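Read through the structure below, which is laid out as structure tokens, and then see the notes.
Nothing in this text is a laboratory measurement; each read-out follows from the coordinates by a stated rule. Just so it is clear, the structure is predicted and the values come from calculations on it, not from any experiment. Cβ placement follows ideal geometry from the backbone for every residue including glycine, while neighbour counts extend to all protein chains displayed.
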Amino acid sequence: MEEPIVINLKLNQITLPPPFLKWAGGKRWVSSRIVEMIAPLTGKYIEPFLGSGAVFFALRPAQALLSDINFELINAYNAIKINPENVLALLREHQAHHSKDYYYRIRSYKPSCMFHMAARFIYLNRTCWNGLYRVNRNGEFNVPVGTKSSVLMSTDNWFAISGILQSAKLVCGDFEDSIDVAEKGDLVFADPPYTVKHNLNGFIKYNDALFSWGDQIRLRDALVRAKLRGVRVIVTNAHHASIRELYQEHFLLESVTRASVLAGSSAHRGRFEELLIY
């Protein structure tokens, strides 16, 4: 179990919990390594694929721009930043009523209030199968209920999370927009969507549904432009020949190994190489 991180928030010492979302491809497993590479940071921290925000929460920068194309994800962060007490109260209601039938009722529910939307998002993330985020062609969340029933956890500290988020501007938008505003001395950490399971088997075709090859090229070009402006760049991506070729002219490449957890049973899980690009 990870040791909690102790931070100074205003005049009080508050124990900061780990990231509150379970996210496919999340970088909690390598966040300490990335934080070592980043420190010291004098400029702004920019993360254009926010997800669970593992590196942001481990680093706790003084200034940050956090963005993602997923509106519900950004809304959840904003709701916690603005009023964590409201989100907590709604999560307590979800905990009290949780069941298989309740899960599917909430999954089909379409709230308009930002706090109800955020609580629904967190509830589904914590009780769906493997914390997977997936939508159908209509943009509707369609992951089945999982085996976990804990909506609230002992490590939760919504007020500490809210405090950390006060230093961040949260934006829903395309990754290129966030990278292009980075200035000399800033740090961009980019963790685009990809799967490592198909590194050697139909990688481009399989990953195109997650993040197109055109987007991979667009991301590389945006990061090269940032580098030329004096921006520090760190990227995580799949360890595949096509990705190595895409970045090797402009950046240093390092292989890191991780365990895959997105499988129905441990027998189908394994260890995979990923690329650290900087």
Q: Please list, in chain and number order, the residues 5+ apart from residue 49 or on another chain whose amide H is under 5 Å from its amide H, with Hs placed from the backbone.
A: 67, 191
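Taking only the C-alpha atoms, wrap a convex hull around the stretch 12-92 and report its volume per residue in Å³ as a whole number. Intermediate results must be reported in sequence, preceding the final value.
On the way: hull volume 10.3 nm³, N = 81.
Measuring per residue, one finds 127 Å³ for the Cα hull of the stretch 12-92.
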Q | Long-range amide H partners of residue 186 with built H, under 5 Å | A | 44, 232
Q) Say the cut-off is 19 Å between C-alpha atoms; which of 22/148; 44/184; 81/169; 27/110 go over it? A) 27/110
Q. Using the count of nearby Cβ atoms within 10 Å as a rough guide to exposure, how do 251, 159 rank from fewest to most?
A. 159, 251
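FRET efficiency for residue 85 and residue 135, Cβ-Cβ distance as r, R0 = 30 Å, nearest 0.05?
Calculated value: 0.55.
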Q. Which residue, chosen from 79, 66, 97, occupies the Cα position most advanced towards the positive end of the dipole of the stretch 60-104, where the dipole is computed from +1 (Lys, Arg) and -1 (Asp, Glu) charges on Cβ about the Cα centre?
A. 66
Q) Measuring from label point to label point, each 7 Å out along Cα→Cβ, what is the residue 62 to residue 241 span in nm? A) 4.7
